[in-house]
Every structure is written in C-alpha cells, then in structure tokens.
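Report on the following structure.
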Amino acid sequence: MKKLSILLLFAVFALTGKAQNADFSGYVRNYTGVLYNTGDLSILQNTFDLDVSKTGEKIGFKVNPMLYHYWADSLDLRLREAYVDLYFKNFDIRVGKQQVVWGKADGVFITDVVSPLNLTEFLLPEFDEIRTGVNAVKLDYYIGGNTLEAIWIPQFTPTEIPQAGSIWYIQPEFPAPATFDWSKSEIKPSLENSEAFIKYTALTSAIDFEIMGGYTWDDNPTMHVQKEFAVNPQTHQPMLTGLNITPEHHRLYLAGGSFSTEIKGVVLRGEGAYYNGKYFQSEDPTAVDALIQKDYLHYLLGVDFNIGNVKLSSQFIQQTILDYDTNMLNPEFENTMTFMARYDTPSDLLHFELFSYIGLTNQDALIRPKITYDFDDSFSILLGSNIFVGDRDGRFGQYQDNSMMYLKLKYSF
Amino acid sequence: MKNLKFTSVLIILTMIGGFNLSAQNLTGKQIIEKVYNRPTGDDQSSILTMTLINAQGKQRVRKLNQFIKDNGTNEKKIMFFTAPADVKGTSFMNWSYTSGKSDDQWIYLPALKKIKRISSDSKSDYFMGSDFTYDDLGDRHPNDDTHKFLREETLFGVKCYVVQSIPKDEDYMYSKTITWIIKTSFIGLKKEFYDEDGDLLKIMDVNSSQKISGINVITKITMQNKQKNHKTIMSLSNVKINVGIPDSKFTERMMMRGI
C-alpha cells in the first residue's frame, strides 16, 4: 500500500508538471558499498530523483521528490524541495520547502547553517543530498548586481543523526547508567520559535563576498546532565550512580562572512563566523547540568589552483572556543584540512578525483578517491572508496571499521 | 559532474565582414589585427550546439543558451547549459577586460546551489570534451604571437591570405598555427594547429555563415583532431544581435535562475 501511495504521488508530480509544460529531469542511481574489514555490504541503495520545475517571467516552481530504496524492502520518500517563486522587478520571493546554501567553503559548514544536515551516513552523501530542505520564506532584494537576502523559517529542523543500529551510530560512553528524557528536545513551530537569517552578497570583478547574520537554534541538542550520587558503603565517599540526560536545543546567534578572489590564477577563499552562546559539556563539578556557555569562532582559508590540467584545492579550518575553560570536554582549538585533486581526461569521459578531510588535532583522516566513467551523456559509473584512518577518538578515525569501497551506477534524464 | 570550465564561445563564431581595404601590402600582423579588431555588435544571444564525434562515429551533443554584451572596456558573457541531462541548469559567467586584466569567471552548479569563482588559468583545457580548448575559443590577442604573411591562396573558390602565427610563449600548447583569411571580409576560413613537435594536430574549418543585423556571423564550424580522429561540429542558431540585453542579465540572480 505504501509503495502504491508513493507511485501515485510520483504520478501526480509528473502529471502536474506535464500540465504546466514543466521541465523534467533527475536520475536513477544504484549505490552499493562493501566494508573492507568484513566484506559486509555497508549500503545497498536505489534512488529515484525527480525534478519538476518551470521558470517563467513572473513565476516559477520546483518540486523535487527523492525516493530511496534500501536493502530488500525499505522505502524512504523525501521531498527535498517544493517551492513557488515570485519574480518582481527588483526582488524575488521563494515560499516553501527549500535548500539554502551559503558561503564559499567546500565540504565544511560555517556560515552555511540555514539548511540543517542529514548526517545519517556521516559526511559521505553528495553535498546536494546532505542538506535538508527547510520550510521557509526567502526574499532576495537586488541592488545592482548585489543581493540582500532575508530568510524566515517558522519551523525548526534539527540535524539528522544516525540511529542505533546504523554503522554510523557511535554508542556514547557514560561513567554511570544513563536515562534520557526527550521531552524538551522538540521545538514547536511558532512565531516565537522562528529562525531568521540575513545575508548581503556582492559579486564584483575584484572580489566576491558575503556578510551574514542569524538568529537560530543550535541544530544539535545540548545534553543537560543531572548526576545522581550515593554514598559508597565501603569508602563512605559519594559515588556517581546514574545520569539523567535531557537533550534540549538552545538559541544561537551568529554573524559571519566569506569571500573569494583570484590572484594570478589562484582563487583565494575565506569564510568565518562568530557563534554566540553555544553550550559545551564541562567536567567542572559546579557547572549546572555539566554545561558551560561559551562563544566560539569557526573559520577557514582555502586556495584553488591548477597544475597542468589537474585542478587542486586545499582548505585549512579552525574552530576556536573563546575564553576557554580547561574543564571543557571539547578542545580549545580543533584544526582540520581538506585537500582535493581532480583530473578530467580531454575527452571528458573519465574523471579522477581525490578528496580528503585531514584532522590535524586528532591525527585522523577521511580519504575519498573515486573514478567516474561516462558511458554516454546519460549513464555513468563511479568506483570509489571511503578510507577512515587515524586516532579512534577523532571525528574520522572513529569510523575506521567503516572503510569501504563502493560503486554507483547513475542514469540521468 | 563533467568538466565545466568555460570561456568565450561565440567570439570565434562571430566575425564581421565589410572591410574593403587595399590590403596588398599588409603584413601578417596587420591582417591578424584586422581580424581581431572587427566589430561584433554591442550584444548578441544565440543557442550553441556542439556535436562531438569520435573515431567510431559515436556522437555526443552539448547545448547551451548564451548571451554576450560588450561595453567597450569589458565584455560579459553568460551561458546556460540545457543538455546533456547531468549538466542541465549549470550556468557559467565570464567577464573579460580590454585592459589586459585576467578574466573573471564563475560557475553555478544547480546541485550544489552555489556560485563559485573559478580560476581562468587553464586555457589549454578542452571545453566540455570537445576538440576546442578554452584558448581556441577565446579572443587571442595579436601581440601574443609573431605573425608572418606566407602567401595568397584560393580556398573553396575564395581568395585568402595565409598567415603563420608562432607563439611568443615557448610553453604554449601549439608550436604554430596557420590561418586562411578571406581577403574581402577578413573572416577566418580555415586554421591549422601544430603540436609542440611541429606535427599537424587539428584543423578548423568554417562551414557556413549568415548576415544577421548587418553582421556576418559564422554559424557552423568544424574542428577535427587529426591525431585522434575525433571532431567537433559547433553550430549557432537563433542568433540575435544588438537587441539591448540589459546588464542585469550578467548577475548572480540570473546565474541561479537560469534564463
């Protein structure tokens, strides 16, 4: 019945689009991954992406359902985007579910905070699939070639995290038995709970830049921890006997910007944001709920350049907690680098790419080589690998057992 | 994503005639300068179709809509890709300057929903798998080469100047080019490209042209790689010249909207 409903839904999308003489595009993709360690399949996914859109002089729309089929019989229908555009002389309005992408960074999310992330498969999905659409009203006001953008989001959407049972789920370790109270983790849609963002974008001959600000919710819930103690009958000292954990989202203010410019054939990029009022875990016994509130900076510098016909790109990223307290569980500085190399053969049929995250603080890395061959203009085959190495306490090293190779077959239409 | 690093496409295809100069004693450089300095209109729009044909005769087609505006000191171009399917919605914008400043280039990838500034420093890359490099498609300045008038010759029944051009940069991808230029119109009719070893690499032939809004526009051109037995046919349709394309066409807004 569920399958039938989904098919009907796609048929409605198709008929609606046809009635409006809309453009159809999309793809069908098979994605199969195998773990190096065990030989087990890490993923078996079939995807149908349908993009129905039309752009007219004064109005446009887009509907982008995506159907994921996992393993034997598990279906996941997602509406990535569904919005209406209204075009005026000096401004545009977009209403509906939409993905918003800000900033100049590649694979790093600093000012790009409007659309939350789907991290159920860590950072492995394509960057267009890792962002979740949000229900929003977006206004773009144009001043010459520059743009002032304002976004209002009445319904908060948190980061999607892996569920227990997923190979990407990391079981947290607690010093005592923990119980969770999820009653405060949901943010009800209301005017009071809205999020708002604003951005000014300039695209000029000398430099491109963005300046942004946001009044938002922390996409990741803060863990409020209440500790239970009892007296150890042998030592007569207090001992930790349990933890009551209440996940709760908190407000976050941020301001930042980004730029890119070209100097003698090298594109120089930068992006940074100041986050105000973020809660961090603390081991200070006097800290209320084992939390401490601090501001932090997140920024990067990157370069893109060519050597011969090979395109190269590298970024240095730092996250710095200001007014650091040594009782905090997070490090004061967390440094990461990315590296990308890409070569397209002259025929444009064969593409080689290597993308890596390198955790400098924890000495770990995610290395992602891939080769794509375009059989023709519609059909391509991609052979790739995701290799996690380094310290098991690191963001990437913790997934050492999930190193895999994979194959993607894709038909675009 | 396919290799989408772009530069001027229309330049090579829009060449004006109308010169009636007494050119008997022109040097190679003067002939090339007359080709380079020809007026091309204030703005133009068209649909560009590239058909790539490999040694086995298999064809691949790339299609895009493009708009160009020249205000005298800079030239702005924007291209919207419509085929093949996996690059549909991609747009590319290029601003070039008569001052000699490097081009500014941006690409919009609809899947990423992001405009990226890209380096214009890859002139020897092939454009979308075609037989044209970005430099082939660009507006190469006469001062970049040393030109030598070789001879006059009749090609396809048309009287032409034949000019040899040797790049001043020894690391340039071609060791020399030889161009056949129509005497009466200063339109390039044929061009041969020689590789670094001095062997013939590619031949470019003009196949057809039309007069549009008083300007001769080449509407079909073929580039054949003689070493790989691969060729690309580039054709223009729906060409409009001097229609008053507004500056607002060459902005972030239009790159993302896609029309």
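Readers should treat all values here as calculations from the given coordinates under stated rules, not as data from a laboratory. Predicted model, so just to flag it, every value in this text is computed and none were measured. We place every Cβ from the backbone using ideal geometry, glycine too, and count neighbours over all the protein chains shown.
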B:ARG257 versus A:TRP152: modelled label distance in nm, points set 7 Å from Cα along the beta carbon direction: 2.3
Selected from A:THR361, A:TYR411, A:VAL310, residue furthest toward positive end of dipole (the range A:289-413; charges at beta carbon): A:TYR411
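Would you calculate a helix-derived [θ] at 222 nm for chain B, using -39,500 (n - 2.57) for each DSSP H run of n ≥ 4 and dividing by the full residue count, to the nearest 500?
Working: 3 runs with 19 residues, N = 259.
About -1500 deg cm²/dmol.
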Within 10 Å of each Cβ in A:140-153, the average number of Cβ atoms from other chains: 2
Value of [θ]222 nm, deg cm²/dmol, for chain A, DSSP H segments ≥ 4, -39500 (n - 2.57) each, nearest 500: -1500 deg cm²/dmol
Build a GNM of chain B with springs between Cα atoms under 10 Å: which of B:GLY89, B:GLY72, B:GLY28 gets the top mean-square fluctuation? B:GLY72
For the range B:11-257, the convex hull over Cα atoms projects on average to an area in nm² of 13.7
Distance in nm between label sites at A:LEU350 and A:ASN46, each 7 Å beyond Cα in the beta-carbon direction? 3.1
Simple spin-label model, 7 Å along Cα-to-Cβ: A:ASP181 to A:LEU86 in nm? 4.5
I'd like to know which of A:SER42, A:SER74, A:ASN244 lies farthest towards the positive end of the charge dipole of chain A, counting +1 on Cβ of Lys and Arg and -1 on Cβ of Asp and Glu. A:SER74
If I build a Gaussian network model for chain B, linking alpha-carbon pairs within less than 10 angstrom, which residue out of B:ASN65, B:ASN25, B:ASN225 has the largest mean-square fluctuation? B:ASN25
Report, as an integer, the average count of C-beta atoms from other chains found within 10 Å of each Cβ along B:77-90. 3
Please list A:81-89, A:253-261 highest first by mean number of surrounding beta-carbon atoms within 10 Å per residue. A:253-261, A:81-89
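Considering Cα pairs under 8 angstrom that are at least six residues apart, work out the relative contact order of chain A and quote it in whole percent.
Over chain A, the number comes to 11 percent.
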Between A:ASP295 and A:ASP73, what FRET efficiency comes out of the Förster formula 1/(1 + (r/R0)^6) with R0 = 60 Å and r the beta carbon distance, rounded to 0.05? 0.80
Whole-Å distance linking the alpha carbon centroid of the range A:362-413 with that of the range A:60-116 is 24
Sort largest first and round to whole Å: the equivalent ellipsoid semi-axes of the range A:41-134, each the square root of five times a Cα gyration tensor eigenvalue. 28, 19, 9
Provide the FRET efficiency to the nearest 0.05 for the A:ASP323-A:ARG251 pair, computing r from the beta carbons and using R0 = 22 Å. 0.70
Förster radius 51 Å - calculated FRET efficiency between A:TYR274 and A:GLN234, Cβ distance, rounded to 0.05: 0.55
Enter the mean number of other protein chain beta carbons within 10 Å of the beta carbon of each residue in B:210-223, as an integer. 0
Treating the beta-carbon of each Lys and Arg as +1 and of each Asp and Glu as -1, no other charges, what is the dipole magnitude of chain A about its Cα centre, to the nearest 20 debye? 960
Beta bridge orientation in chain A: antiparallel %, DSSP, nearest 5: 95
Give me log10 I(q)/I(0) at q = 0.18 Å⁻¹ for the range A:329-371, Debye formula, one equal scatterer per alpha-carbon, no solvent. -0.60
Give me the angle, in degrees from 0 to 90, between the Cα long axis of helix A:2-19 and the longest principal axis of the Cα atoms of chain A, rounded to the nearest 10. 40
Which of the peptides B:245-253, B:131-139 is most tightly packed, and how do the rest follow, judged by the mean count of other Cβ atoms within 10 Å per residue? B:131-139, B:245-253
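Quote to one decimal, in nm, the extra length available between B:THR73 and B:MET173 on full extension: 0.36 nm per residue of separation minus the C-alpha distance between them.
Stretched out fully, the B:THR73 to B:MET173 stretch lengthens by 33.2 nm.
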Bins of 5 Å from zero: percent of alpha-carbon pairs in the range B:139-182: 5, 23, 26, 21, 13, 9, 3, 0
Viscosity 1.567 mPa s, temperature 4 °C: Stokes-Einstein D of the protein assembly as shown from its Kirkwood Cα radius, in µm² per second? 46
Order of B:162-169, B:123-130 by packing, highest average Cβ count within 10 Å first? B:123-130, B:162-169
Report the relative contact order of chain B, percent, no decimals, based on alpha-carbon pairs under 8 angstrom and at least 6 residues apart. 24
Tell me which of B:ILE78, B:GLN66, B:ALA55 sits at the most positive position along the dipole axis of the range B:15-125, charges placed on C-beta atoms (Lys, Arg +1; Asp, Glu -1). B:ALA55
Just the number, please: Stokes-Einstein D of the range B:146-259 in µm²/s, Kirkwood Rh from C-alpha pairs, 4 °C, 1.567 mPa s. 78
Residue with peak Gaussian network fluctuation, chain A [Cα springs, cutoff 10 Å], from A:ASN276, A:ASN335, A:ASN37: A:ASN37
Determine ³J(HN,Hα), in whole Hz, for all residues of the range A:46-56 in sequence, where each value follows from phi through the Karplus function 6.51 cos²θ - 1.76 cosθ + 1.60 and θ = phi - 60°; x replaces Gly and Pro. 10, 10, 10, 10, 10, 10, 10, 8, 8, 10, x
For A:THR222, which sequence-distant residues (separation of 5 or more, or a different chain) have an amide H within less than 5 Å of its own amide H, given hydrogens modelled in the peptide plane? A:GLU248, A:HIS249, A:HIS250
